[in-house]
Number of protein chains: 4
Amino acid sequence: MSHKIPRSSDDDYSAEIIAKRQQFIKEKTGAELDHSTRFSYDPHVMAGNIENIWGVAQVPIGDAGPLLVNGDHAQVEIYVPMATVEGTILASYNRGMKVIRESGGVTTTVSAESMQRAPVFIFANARDARDFQIWLNENFALIKAQAESTTSVGKLIEIENYHAHSMIFTRFDYATGDAAGQNMTSRATFFACEWIQKNYPGKLRNYMLSGNFDTEKKTSSVNLLKGRGRRVTAEITIPRQVLIDNLRITPEQMQYGYQVSTLSSFMSNSSNNVSHPANGLAALYLATGQDIANIGESNQCTGYQRATRDGDLYYSITLPSIIMASYGGGTNLPTQSECLKMMGCHGKGKALKLCEIAAGLVVAGELSLAAATRLDKETRTNEWVDAHERLGRNR
Amino acid sequence: MSHKIPRSSDDDYSAEIIAKRQQFIKEKTGAELDHSTRFSYDPHVMAGNIENIWGVAQVPIGDAGPLLVNGDHAQVEIYVPMATVEGTILASYNRGMKVIRESGGVTTTVSAESMQRAPVFIFANARDARDFQIWLNENFALIKAQAESTTSVGKLIEIENYHAHSMIFTRFDYATGDAAGQNMTSRATFFACEWIQKNYPGKLRNYMLSGNFDTEKKTSSVNLLKGRGRRVTAEITIPRQVLIDNLRITPEQMQYGYQVSTLSSFMSNSSNNVSHPANGLAALYLATGQDIANIGESNQCTGYQRATRDGDLYYSITLPSIIMASYGGGTNLPTQSECLKMMGCHGKGKALKLCEIAAGLVVAGELSLAAATRLDKETRTNEWVDAHERLGRNR
Amino acid sequence: MSHKIPRSSDDDYSAEIIAKRQQFIKEKTGAELDHSTRFSYDPHVMAGNIENIWGVAQVPIGDAGPLLVNGDHAQVEIYVPMATVEGTILASYNRGMKVIRESGGVTTTVSAESMQRAPVFIFANARDARDFQIWLNENFALIKAQAESTTSVGKLIEIENYHAHSMIFTRFDYATGDAAGQNMTSRATFFACEWIQKNYPGKLRNYMLSGNFDTEKKTSSVNLLKGRGRRVTAEITIPRQVLIDNLRITPEQMQYGYQVSTLSSFMSNSSNNVSHPANGLAALYLATGQDIANIGESNQCTGYQRATRDGDLYYSITLPSIIMASYGGGTNLPTQSECLKMMGCHGKGKALKLCEIAAGLVVAGELSLAAATRLDKETRTNEWVDAHERLGRNR
Amino acid sequence: MSHKIPRSSDDDYSAEIIAKRQQFIKEKTGAELDHSTRFSYDPHVMAGNIENIWGVAQVPIGDAGPLLVNGDHAQVEIYVPMATVEGTILASYNRGMKVIRESGGVTTTVSAESMQRAPVFIFANARDARDFQIWLNENFALIKAQAESTTSVGKLIEIENYHAHSMIFTRFDYATGDAAGQNMTSRATFFACEWIQKNYPGKLRNYMLSGNFDTEKKTSSVNLLKGRGRRVTAEITIPRQVLIDNLRITPEQMQYGYQVSTLSSFMSNSSNNVSHPANGLAALYLATGQDIANIGESNQCTGYQRATRDGDLYYSITLPSIIMASYGGGTNLPTQSECLKMMGCHGKGKALKLCEIAAGLVVAGELSLAAATRLDKETRTNEWVDAHERLGRNR
C-alpha cells in the first residue's frame, strides 16, 4: 500500500532510509521538516532505542544549581540539567536549590530497590491456588536460581504473592544494578515461570507473564508500599531565618499548609500529598535518557514536614518509585550521555547517585512552590501567578 | 560566588550568554558538550519555555501509522510522530494501528473538558464554612464574571466544592480552548478569589490559591470522576478474524485477560486497569511540545472490553485527563511545531483533534501489548520478551 | 423437604409459627434456645423488619455521658445508650465525654445530605452516551418531578453523572427526611428510570437500577467527596490544661500523633485517618435500631487537628456518610425506640439531632483512644493495653 | 455531680446498681424502659463485655438455610441465625442458599490469617530508620520469642515493615487461634516493643504502639493485600439451568453485570466490587457475639465471576478481612452462644468453620441481589423494589 512507511530490512538506521522516510512524511503530510531532521550524530546510535527513526525532537535544556546533596552515593554540588518546555519551572527549582545550599544541603537515603515482573498463576479453584502459594514460598531458592540464570546483573529479592479467588498474583522483585531493568526482569521471570510450569507438582492451569500487579507506568498502593525501582528519601532541616529570608514563609506556616494539603490529598485519593514532583523528575528524566513514561509511577510519593522545637523546618520526601538508569536504555544517546556526565552519573555504578540527585531535586521544587503559592497579604499579589506572567508564555 | 550559573539581565537568550553558560558547565563539570549544544534555531524562540537555556536534548522521533481515526474532530489517517528512547515501543504501537485500520478505524469522542485551579477557603469553624458553601453556589454567576474578565479564552464552567472541617475545598473548572490552560486558570482564579475575599459578606479567614485539590501532575479519584483537561473515549469493534490474524488471540481470550487485569488493578489500587497508556502518551506529548510532566495525570484511565454476541471484540478506553495544547506552551518550538503540523494539529482550533489522536494512539498500544504478553503455547515463547531481545537494548 | 424452615403464609409472626421454628431449630441443630427465645413483646411488631423470626439477640446496653453537644439540632446534655460486647469501649467513650464537658461541649454541624440510588445507562457507543448526558442535565426538572411523584418525603437534589466508555454512571441524590431512605430512593429512581426509558428521544440500550455507584454499605471516594446520608462535622477546642489533666497529653503531642497517623492512612489507603469511629457508631446504631451494615459506609471520615496559637487543641471530625433514621426501619422496635426516646430522638423531625449526637460521640471516642495508645514514659506502661487487662475479657 | 451515672466500685454488675442506673436514666431522660431492661440472665455474665450496663437491645433473629458448605472446616448444611432489623435481607439470603443447595454447595477455603498491631518506630532521620529496618528483619526470631512469651495462643507470623521519611511503619501479624485477638496482639506487641526499645543497639527515638497501619475497623489497601483476620474464599459453579430457574438470569447476563459493576467500583474507588456483603456479615456477627464494628474492615472484598465454556456460571468471593471468634469476646453471652451452638461453632477449634460459613453466606446474598436488581423486561417491574414493597417497612 502506498501509505506504508518506508522501512529497510537491511539497515533501518542508514541515512538513506531515514531520508526516504523524511520524504515520505513531507509528501504525505505536507509538513516542513527543517529542524526535526537535524540531529548531530550518526543515526545508527539510535538503533535499539526506537524504530522508524526519521528525526529528533530538540527540547531546551537549562541548568539549575548547584544542588548540594549529602547522599550515601552523591556527596557533591551538582549542576542539574533540566529539559522542559514549561517556563518558570527551572527558575523555581533553582530557587529551591539556593535554600538547600544555605541550609547545608539535602540528605538523601536509598532504602530499598526492586523492579518487578508480575505473573499471575491461575488454578481451577482457591484450594489449588492456596497450595501453590505455599509451594511457591517454600521453593523460593530454586526459583531464584532459575530466574538469575538468565542475567549477570539481576538478583531476585522476593516473590510477593497475593491470593484471590482461583489465582495467585505475584510480583517478582529484582535488584537490577545500574539499569532500569524492566526487560531484564521480563526475561528472567519468563524463564522462572516456564520452569515452574514444568516442575510444580500440583495442578497449575495457566499463567500470564504480567497479571498487571507490576503496576508499570501507573501509580498504585502496592508500589507505594513495596516500591518499584528505588525508594529514596530526601530530607533537610531548614533554619528558620533561611526559610523566612528566601521564601518569606515561617516553619509554622509551612506546616499549616502541609496539613491542609495532606488532608486534601487524602480526600481526593491523590498519588502524592505534595505539589509537583513530576515537574522536576520529568525534566531530569528527559535530559538524561530515562524513560519518561515512568513519570506514571515516579510521581507517586509522600511528603512529611513539621516545625521543630527549635523553630526550624524539618522537611522530607520519600519517593518509592524512582526509576532511573545510568547504563543501558537511552543513557548512551549523545546529548543524554553528556548530561549524565555533567553530573558524574554515566555508566556503571552510578544509578544510586542519580536517584539521590533526583530526590534532592524534588525537594528543591517543592520548597520553592510551597512558598510561591501563598498570597502576599500586604501587596495582595501571588508570586506563582506573577512568575508565569513574567517568565512564562503568558507575556 | 564562583559557582553561580551565568545569567544576563539584558538578554538571557542571546548566543553570548548561552556560550558563557556552556563554558561554565564544561569548566565546572568537565563534561564535553558536543551534541547537546547543537540546536538548529535562534535560541530566542525558547524564551518563555525555559530559563538558563544552554542546549537541547535530541530525542529520537520515529513515525507510526497511519492511524485511522473516526473522531468528531479528527477524521483522518494520521502518521503519528513518537519521540522515545525505549526500543520496541514504536513497533508495538505501529502493529496496533494495523489492527485498527483493518477494523475500519478507532472512533473517538470528547465528552468533557475542564482545567482547574483549586483554592481552599478557610474559616473559623464548620458552620462558617457551610454558610460560605451556600453563598458560593448562589453567587456562581458573579464569580464567573470576575474570573472570565482576566481571559479572552477561558470560561468558568463550574466551581466544585467539598466541605470538610472548617474548610471548603474547591475546584474552579474552566474550558481553556486550544491551550492547556494551567496558567490562565491560575490568574483567573486568583482574581476571582480576591474578589470573593472583598465581597463575601460572612467571615472568611483566609484562602490558599491551591489547596491541592486540582491534583495537578498526579492521579486522583477526583480527576477520574470529574476530569482534568479533556475526557476522551476511543472505542473500536475488531472483527474476530482480524484479531486472530493479527494478534493471534481470540475475543474471548482478550476478555478473560481483561477481567484478570482489572481485578488486579482493583486489588493494587492502580491508576488504570490497562497496560501502558503512559508509553504512547509520553512519546506523543514529547514530540508535540506538551508538558511531559502531565503524564502524572494522563496515565489515569479505564479500559472496558468484551466479546460481542457476534464473536467480535468491543474494546474501549476512556481517558479522563488528557492535557494537550495545539497553541501556546511548547507548541511553537521548531521541531515540536513541525510534528504538530504533520498531523494538521498546529495552532488554534486543533486541540480537540490532537486529543482524539492521542486516545486512538493509546488503543493501538494496548491492543498490541495485550496480545504480546500472552504465551504462545505451542512454541512456549513469549513475544513480549522476544521483541525486546530483537529490537531493544538487550541485544 | 424435611429441612425446610417452617413458614406460614397466613401469619408468619404468630406465636405458633415462631414456636414451630424454635422447635425445628432445636431438632435440627441440637441447640438449646433458653435465652434467644425470650423477647418481651408481641412478635408482630417485628413484621417488616425481618423474615423467619424465631428469637432475639440480647446485646448489653450501657450508658455513657452526659455528652454535651452544641448542635444546630442537638443542644443538650445527652446520656448515650451504647450496645456492645466489647469491654472497655464504653468506658473509653465515657472518658472522652468528660473532656468534652470540661471544654464546654462539642459543636456539631450538618452540612449536606443525600441518599442515593445509582442507575447506569448503557448505550451503543460513547457518543450516544455523551448525548444522553447532555439531555439528562437539561431535563433535570422533569425527571425530578417524576421521581418525587412516588414519595411524600423524598426530594431529588441532584443527578450526578459520570461518563465512561458507552455508559453514563449516575447517582440520584435525595433528601429523605427522617428515614434512612434506601428503599424510598430505589422506588423513586426506578420510576424515574422507566420514565426516561420511555421519553428519551435518543437511543438508550438498557439501564441497570444500580450500577454500584451508590457504593452502598462500602466505602468509596465518591462517598467521601459527595456524601451518602448526612455529612456531619463535630469540632471542639480543648483548653490545654483540660487536655493535660484528663488525658495526660499536650496539644503538640496530639498534633504530632495526628500527622503520623494521617501519613500512615495515606500510605495504607485507609477509609479514615483516625482511630476507631466504627466502635461508637456501631454501638449507637445497634442501640437505636439503625441498620448496622451501614457501618460499611459510616466508618469513612476525616480527622483534622492542630495546636492553636494559644496552646489549646482544635480537634474536628467530618463524617460524610452518617446514615441514621429516627423514623421507619428498626426505630419502632421496643428496645430501640426506648433508646431513641432516652435521647429525645424518636419519630419525625429528629434525624438530624441524632446525626449530631453520633458525630459528637465519635469525637469522644477518638480523644480518649488517641491519648490511651501513648506510652507512659515514666512507668513504661500503656493505658490501652492495661485497660483491656482490667476491663476486658482478658482477665 | 448530679448528672453522674451511678456506678459501684464493689460490683458494677449487681442487680442493685443496674436498677439504680435504670432509675437514673428514667429520671434524667423521662424515657420508659419497659423492654430494654428485660434480659433473661444474670447480668454478671456481661462483665468484661461492657461497662455501665443497664439493659439489653433485643434484636430480632431469623433463620436462613440450610446453607450447604463444602469447606475444609465446615462440611455441613447449616441453619444460619441472622439478626437484623432490615426487612427483605433474610429472605434474600435465604433464596441465595436455595441456589447454592441446588448447585451442590459452596466451596470455602481459608488461605491466610493475621491479626495486627502496628507500631511505628520513629528516628532522627531516614538513615537511622533504614538501619533499624535491616536490624528488624534480621532479628525477627528474637522479637517473635518476646512477643509470644505473653500469650499461650498467639503466634507472630511476620513483621511487615514499610519505610517512609524518618519512620518505619510496621504490622506485627499474628495467628490468634479461636479468638479475634485484637487485645492479645496489643499486649504481645507492646511487650516486644519494650524489648526492642531496650535492646536495639542503634538510635531509636520513640515508638507508638499503633501507627494506624493496623487499619483497624476501617478498609485499606494493606488489609486487602495482606489481610486482617482471616482471608476466606467462597466459590461455586452454578449450572446454567439452576441459575435461570431460580434467578431468571443467564450466566452471560451475570458476567455482563459483573463487568459493569467492577468498572464502577474501580472508578468510585470502592471497598468492594460486589453488592452488599456487609448485610449478611453484620447479621451473622450480631447474632453470634462478634464485634460488629469490624464490619468496618470486613466489608472489603473482591468478587470474580465468569460464564464457563460449558455455559455455567463460576462465581467467587474472596474476603481478606473476616474477623470472627468462636471463643472469648462476646461469644459466651447467652443468646450469642446459643446461636453459635446452632451451627456447631461454639468454643475452641471452631473459628475457621465459622469464617467459612460467613463466606458462604456472603455468596448467598450476592447471588440473590445480583439477580434481583435487574429489570424484568416483560412486566417492566423490578424485583428489588417490589420486595421492599411486599416485605419491608414501606407497606
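The values are calculated or read from the model by the stated rules, or taken from the named source; none is laboratory data. None of the values given here were measured: they were computed from a predicted structure. All Cβ positions, glycine included, derive from the backbone under ideal geometry; neighbour counts span all protein chains shown. Accessible surface is based on the protein model in full, side chains and every heavy atom, while ligands, DNA and RNA are left aside. Shrake-Rupley method; radii C 1.70, N 1.55, O 1.52, S 1.80 Å.
Annotations
- Exposure ranking of A:Lys341, C:Lys144, B:Lys26, A:Lys4 by accessible area [1.4 Å probe, largest first]: A:Lys4, A:Lys341, B:Lys26, C:Lys144
- Annotation note: trypsin sites (Lys or Arg not before Pro) in the stretch A:27-97 located in DSSP loop regions with a Cβ neighbour count of at most 12 within 10 Å are absent.
- All Cα-Cα distances of the protein assembly as shown, cut into 20 Å bins from zero to the largest, leave 9, 38, 38, 13, 1, 0 percent in each bin in turn.
- Among B:Leu243, B:Gly347, B:Gly296 the positive-end extreme of the charge dipole of chain B (Cβ point charges): B:Gly296
- For the stretch C:302-344: rounded, prolate or oblate by the Cα gyration tensor [a/c cutoff 1.5]: prolate
- Relative contact order [Cα under 8 Å, 6+ residues apart], the stretch D:1-147, whole percent: 15
- The residues B:Leu142, C:Leu68, A:Leu367, sorted by heavy-atom accessible surface at 1.4 Å with ligands and nucleic acids left out, run B:Leu142, C:Leu68, A:Leu367 from largest to smallest.
- Averaged over the residues of peptide A:186-193, the number of Cβ atoms from other protein chains lying within 10 Å of each residue's Cβ is 4.
- C:Arg380 versus B:Asp310: modelled label distance in nm, points set 7 Å from Cα along the beta carbon direction: 7.7
- Charge context of D:Ala234, other residues only, Cβ under 10 angstrom, K/R +1, D/E -1: -3
- Cα-based shape type of the stretch C:308-395, given that a ≥ b ≥ c are square roots of the gyration tensor eigenvalues and the cut on a/c is 1.5: oblate
- Applied to the stretch B:177-190, the Karplus parametrisation 6.51 cos²θ - 1.76 cosθ + 1.60 on θ = phi - 60° returns per-residue 3J(HN,Hα) values of x, 8, 9, 5, x, 4, 6, 4, 6, 4, 5, 5, 6, 4 Hz, with x for Gly and Pro.
- Long-range Cα-Cα pairs in the stretch A:258-345 (distance over 22 Å), rounded percent: 41
- For B:Thr151, the accessible surface of its heavy atoms amounts to roughly 20 Å² (probe 1.4 Å, protein chains only, rounded to the nearest 10).
- Cβ nearest the rotation axis (A onto D), residue from chain A and distance to the nearest whole Å: A:Ser221, 2
- Averaged over residues, the count of other Cβ atoms within 10 Å places the peptides B:116-126, D:80-90 in the sequence D:80-90, B:116-126, highest first.
- Simple Cβ-charge dipole of chain D, Lys/Arg +1 and Asp/Glu -1, about Cα centre, in debye nearest 20: 620
- Per residue of D:65-76, other chain Cβ atoms within 10 Å of the residue Cβ number 1 on average.
- Rounded to whole Hz, the Karplus (6.51, -1.76, 1.60) HN-Hα couplings of the stretch A:194-204, x for glycine and proline: 5, 5, 4, 3, 7, 9, 5, x, x, 9, 10
- Computed from backbone phi with θ = phi - 60° and the Karplus coefficients 6.51, -1.76 and 1.60, the 3J(HN,Hα) list for the stretch D:384-390 is 4, 4, 4, 4, 5, 5, 6 Hz; x is used for glycine and proline.
- DSSP-loop chymotrypsin sites (Phe, Trp or Tyr not before Pro) across the stretch A:18-82, with at most 15 other Cβ within 10 angstrom: A:Tyr41
- Cβ-vector label at 7 Å, A:Lys203, separations to other copies in nm: 4.5, 5.8, 7.0
- Interchain or long-range residues, amide H under 5 Å from C:Ile78's placed H: C:Leu67, C:Leu68, C:Val69
- Each Cα pair under 8 Å and six or more residues apart adds its separation to the average, and for the stretch D:251-319 the resulting relative contact order is 34 percent.
- Computed over neighbours whose Cβ is under 13 Å from that of A:Gly303, the net charge equals 0, Lys and Arg +1, Asp and Glu -1.
- Teacher prompt: C:Glu389 distances to equivalent labels in other copies, 7 Å Cα→Cβ, nm: 6.1, 6.4, 6.5
- The stretch D:233-331 - charge dipole about Cα centre, Lys and Arg +1 at Cβ, Asp and Glu -1, debye rounded to 20: 140
- Applying the criteria of a DSSP loop state and at most 14 other Cβ atoms within 10 Å to the trypsin sites (Lys or Arg not before Pro) of the stretch C:207-274 yields C:Arg248.
- Local net charge near B:His276, Cβ-Cβ under 13 Å (Lys/Arg +1, Asp/Glu -1): -4
- Global form of chain A, assessed from the alpha-carbon gyration tensor, a/c cut-off 1.5: oblate
- Enclosing the Cα atoms of the stretch B:135-222 in their convex hull gives a volume equal to 103 cubic angstrom per residue.
- For the set A:Leu375, D:Leu361, solvent exposure ranked by accessible area (probe 1.4 Å, protein chains only) runs largest to smallest as A:Leu375, D:Leu361.
- Ascending distances from the C:Asp376 label point to its copies in the other chains, with the point 7 Å along the Cα-to-beta-carbon line: 5.4, 6.6, 7.2 nm.
- Chain A: relative contact order as a whole-number percent, Cα under 8 Å and 6+ apart: 19
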